[in-house]
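Here is the structure we will look at.
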Amino acid sequence: MKTTPLLLAALLGLTMPLALAPASPAQAATPANAPTLPALGDAGADELGIGAERRLGERIMKELRRDPDLLDDPLLQDYVDALWQPLLAAARARGDLPDEQREQFAWATFLVRDRSVNAFALPGGHVGVHLGLIAITSTRDELAAVLAHELSHVTQRHIARSIATSRRQSLIGAATMIAGILAASRSGDAANAMIVGGQAVAAQGQLNFSRDMEREADRIGFGVLEAAGFAPEGMAGMFDRLQSASRLNDSGQFPYLRSHPLTGERIAEARSRLGVNPGGSSAAPDAARWLHAAMQGRARALMDGRGETLSRLAGGGVPGVAAVASTPEALSTACAAALAATRLKDWRAADAALARARTLAAGQGAPVQRAVQVIQIESMLDRGQATEAARLLSGGLLDGSRAGLMLSARLAALPQADAAQASRVREDLQTWVTVRPGDVGAWQALARVMERLGQPLAALRAQAEAQAAQGDLAGAVDRLRAGQRLSRSSGAVESMEGVVIESRLKALEQQRRAELERERRGEED
């Protein structure tokens, strides 16, 4: 990867300044030309309004969704969200999350298939989590501590305060630059294609949060973490873990530390807070430790697709000795091995690791057993064992979960799938997207099931809704126009699906025109 100061700054919690950067390095060094950072609590933070920050976040996410490494894994996503939602509720109860922010921002997490240890907050309440971060944490409390820290960056408007506003640059250009810089953490070439012109010239120090902001996010994040019911030791533990791991392996895999340097002062403050909060939550219960271990193993197998990595993980599935302690760490190893062996299509190793994982998960509660069963069903589907997969799915352990729904959709889309079963899955998916219209993966799954059932109009509409949910209005309009042409050519324009397509096409065309008008005006407030 090409390395520059700008690219090295493209990590946790960063934002690009909205002011146009100087045209040359000489100008960049001129203090008069450098954008200034408002002090904490300064009214200057309001220069980037709530609405503008929300739109900037939407723009960035539109760019990032093109990245194939954005991962829709229902099991891991549900787990991260199960930690995220209590933190949000605690922030609101504490008064850290004003109603205007709560109503306008997305407050959504997303996963990045990357082995580096990183997480980052974006404008508008979007928080990205690398799988490498999940893989390195030993407890849910450590992962929740990072999420609480990032949440506090957003609620305290640190992102807005870090952006020097200018009417000379549009939010669209800023969004493209931020997305490009985030891409640089994995691909310098991709980043260079997205960052254009002299606007990308900026000092590294201007891209990261200030030390005061880091301390404030630590302090408020600690309170949010504790109020949400997590063990406050998670924050100090995470700091210690990151510092120790980076000392042992400083190979560029810890971008979190480059953008959020762990000074001795920050670590000492995290430890000292434990002494003044004796009433904090205790360590996580055993069930939570086992579930986190299963998620940790899954993240390890998904974060790095290189053959040598998968082979190494797959080899850890079966112990070399008869007696091995039944520990959460052993479950993590078995889950990683089973999934890695499945990805390598080494079915013998996959079956051995799955047997070990099932034994370890027995008696640890339904969430842990679900995590293992998902890997088992995925392995069956990958080797074409549709009947066996359907039998496991019908057992009820995955009922009501998004993971179960998406696996059912995958099964229903197979050519050998039973039509009645596919119809039931279609109904379940339609109910799901009615309540959650922003679920891109569910719309895509519905499109595949509709194609399997021989309903091309409905499939085209589902594809369009998936594009719209991603923010790609042009793509959505294109799909709906294709549906409109098919409807008119088949004489089905008066059918229910034809009427819906006509109505949605008008609505999205109007929305697209408004979007183009905002782009023409540079999205100025």
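Is it the case that some residue within region 46-57 is closer than 26 Å to LEU407 by Cβ and in contact with a strand residue (DSSP E or B) (Cβ under 8 Å, 6 or more places away or on another chain)?
No; the residues of region 46-57 include none that is closer than 26 Å to LEU407 by Cβ and in contact with a strand residue (DSSP E or B) (Cβ under 8 Å, 6 or more places away or on another chain).
Just for region 369-410: of the residues that are outside any helix (DSSP H, G or I) and hydrophobic (A, V, I, L, M, F, W, C), which one is nearest to the chain's Cα centre (by Cα)?
Looking at the filtered set, the residue picked out is LEU398.
If I go through region 367-396 residue by residue, how many of them are under 26 Å from ARG289 (Cβ atoms) and either at pLDDT 95 or above or in contact with a Gly (Cβ under 8 Å, 6 or more places away or on another chain) (or both)? Before the answer, list the steps.
As a first pass, look at region 367-396 and keep what is under 26 Å from ARG289 (Cβ atoms): 367-379, 392, 395-396.
In the following step, the residues that additionally are either at pLDDT 95 or above or in contact with a Gly (Cβ under 8 Å, 6 or more places away or on another chain) (or both) were identified as 367-379, 392.
Total meeting the criteria: 14.
Which of the following residues is more than 13 Å from ALA409 (Cβ to Cβ) and within 24 Å of the chain's Cα centre (by Cα): VAL477, VAL435, VAL499?
VAL435
In region 400-427, how many residues are modelled with pLDDT of 95 or more and among the acidic types (Asp, Glu)?
Number satisfying all stated conditions: 1.
The values are calculated or read from the model by the stated rules, or taken from the named source; none is laboratory data. Because the structure is predicted, anything quoted here is derived from the model rather than measured. Note that we place each Cβ from the backbone using ideal geometry, even for glycine, and neighbour counts take in every protein chain shown.
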